[in-house]
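These notes are about the structure you will find just below.
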Amino acid sequence: MIEINAARRQHANDGQQAGVITMTFLDYLISVDARTTLMDRMMRKLGVDRQLKVVADHAAVTSRAVDRCRSCGHQDECSVWLDEHQQADNPPDYCRNSDLIARLQHAAGQR
């Protein structure tokens, strides 16, 4: 079994203690897949999923967008936001891909 140890730093206002979180490789893959799914849902919700597939260097742009989404600390909030919005013109303020989404909307003539 492969284990991944991720150090958790203490945050000034959240009261968490520093320590080590141990997760299996499967846990890691599941968390990565869940975050990738959130990014895909956000792109579809904002109507830029097709535009993302036709940008120059599509694979690299998508990879960077997935990385930004994976490193975001708002997965629970994002999931709720996506569930509560049938349609939206803009992503939530905390979205790390908001600049990319705005550029894709502009390229698609949505803005």
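Here are the numbers for the structure shown:
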item	result
Selection from L104, G73, A88, by position along the positive dipole direction of segment 64-111 (Cβ)	L104
Accessible area (Å², 1.4 Å probe, nearest 10) - D57	100
Solvent exposure ordering (accessible area, 1.4 Å, most first) of V80, V48, V61	V80, V61, V48
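The values are calculated or read from the model by the stated rules, or taken from the named source; none is laboratory data. Model, not experiment: these values are computed from the prediction. Cβ atoms come from the backbone with ideal geometry, glycine included; neighbour counts cover every protein chain shown. These area figures cover heavy atoms from the full protein model, side chains too; ligands, DNA and RNA do not enter into them. Shrake-Rupley method; radii C 1.70, N 1.55, O 1.52, S 1.80 Å.
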